[in-house]
Amino acid sequence: MKKIIVTGGLGFIGSNLIKLLIKKKYFIINVDKISYASNFYNTKDFSNKKNYKFIKLDINNKSKLNKILKLYKPIAIFNLAAETHVDRSIDAPSEFIRSNIFGIFNLLEAFREYSKKNKKTKLIHISTDEVYGDVLRGRSKETDPYRPSSPYAASKASSDHLVYSYVRTFKLNAIITNCSNNYGPHQHPEKLIPKLIYNIINDKPLPLYGKGKNSREWIFVDDHCEALFKVFKKGSKGEFYNIGSSINSSNLDIAKLLIDIAKKKIRLGNKVKIKFVKDRPGHDLRYALDNKKILKKLKWKSRINLKKGLENTFRWYFENMKYYTSLKKKDITQRLGLVK
């Protein structure tokens, strides 16, 4: 059975990707350092399968990375190990530099050593649309310049540049993907959609930054994972691929949609109302990706529309309330990203 390493596999996208790869009959080694965003609830459905193994490891530990690569001889590495929350990067940038820059540097060095005898193994580095910065008009192409606005986005931009430099300089077999905003089951409720769902279920106000006009391109996590698998199978060395749905919605529209979906499932409490709160620093108004390249070159496109995806997401959280109890309450309810 062919082996694949997924870093950050206890997180949201990583655990959903592992579920897909296990279904496709690969042996998966999940490497995760176990941070606040890691959750064993995310892997409970496949943790006892014979083709799955978990290893606690920070990707900054290059020597142990070397040992794991030599032992398992993977045909691919999907790198999802990263700090990802903009607000947390405003409060504490140093951890983002450590994980997203130094971490990827150590992973690249370990992969470079491994690749000397395993040149066909692919590294898929998963990044974000936030590296392009504010896109007020049009949609960001893979060839557009990076203009990150937050420490998080800047750290991811740096990691992308590092990966590409290793492709050019050391001929590493690596690919970079930049995806739009993901949503779906297992996402940490520090992020907008699961936080709104939590507040709706628990009769709390729904906080939106500014006036809720910030526009994001939303993609259901299963669609993203299918795209990543397509990149692994068909993508070309050294290429960048934008992954998105091409559909934008404002945060206010998302909140209204979730309220409408919730009304069909539960009786809403009196406190479930949209509440505008002070905006965070450097908050980009709009992200939007041009995904024509992956549509044309790899024949991939998103399949789950926003309404259906949000219905599936609300149902999962409603039926998995134990997920919330597996997290620290302050990680769900606290306000982050205010400059002190």
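Annotations
- When VAL6 is tested against (1) closer than 13 Å to PRO74 by Cα; (2) more than 15 Å from the chain's Cα centre (by Cα); (3) in a strand (DSSP E or B), only condition (2) is not met.
- Here ASP279 meets each of (1) modelled with pLDDT of 95 or more; (2) of a type in the set (D, E, K, R); (3) surrounded by fewer than 16 Cβ atoms within 10 Å (Cβ to Cβ) with one exception, condition (1).
- Qualifying residue in the range 67-74 (condition: surrounded by 16 or more Cβ atoms within 10 Å (Cβ to Cβ) and under 15 Å from the mean Cα position of the chain (by Cα)): no
- Some residue of the range 235-243 being surrounded by 12 or more Cβ atoms within 10 Å (Cβ to Cβ) and more than 30 Å from LEU123 (Cα to Cα): no
- Taking the range 120-140 as the range and being closer than 17 Å to GLU239 by Cβ and out of contact with any helix residue (DSSP H, G or I) (no Cβ under 8 Å at 6 or more places or on another chain) as the test, the residues that pass are LYS120, ASP129, TYR132.
- Among the residues of the range 251-282, the ones that are in a loop (DSSP other than H, G, I, E, B) and farther than 25 Å from ASP91 by Cα come to 10 in all.
- Given (1) surrounded by fewer than 20 Cβ atoms within 10 Å (Cβ to Cβ); (2) part of a helix (DSSP H, G or I), number of the condition ASP144 does not satisfy: (2)
- Selection of the range 292-306 for residues being part of a loop (DSSP other than H, G, I, E, B), free of Cβ contacts under 8 Å to residues at least 60 places away in the same chain and over 20 Å from TRP316 (Cα atoms) yields only LYS301.
- Residue match in the range 188-198 (condition: assigned to a loop (DSSP other than H, G, I, E, B) and over 16 Å from the mean Cα position of the chain (by Cα)): no
- Those helices (runs of 4 or more DSSP H) of the range 53-101 in which at least 3 residues are closer than 18 Å to LYS122 by Cβ, considering only elements entirely within it, cover 62-72.
The values are calculated or read from the model by the stated rules, or taken from the named source; none is laboratory data. The model shown is predicted, which means the values in this text are computed figures rather than measured ones. Please note: Cβ atoms are built from the backbone with ideal geometry, for glycine as well, and neighbour counts cover all protein chains shown.
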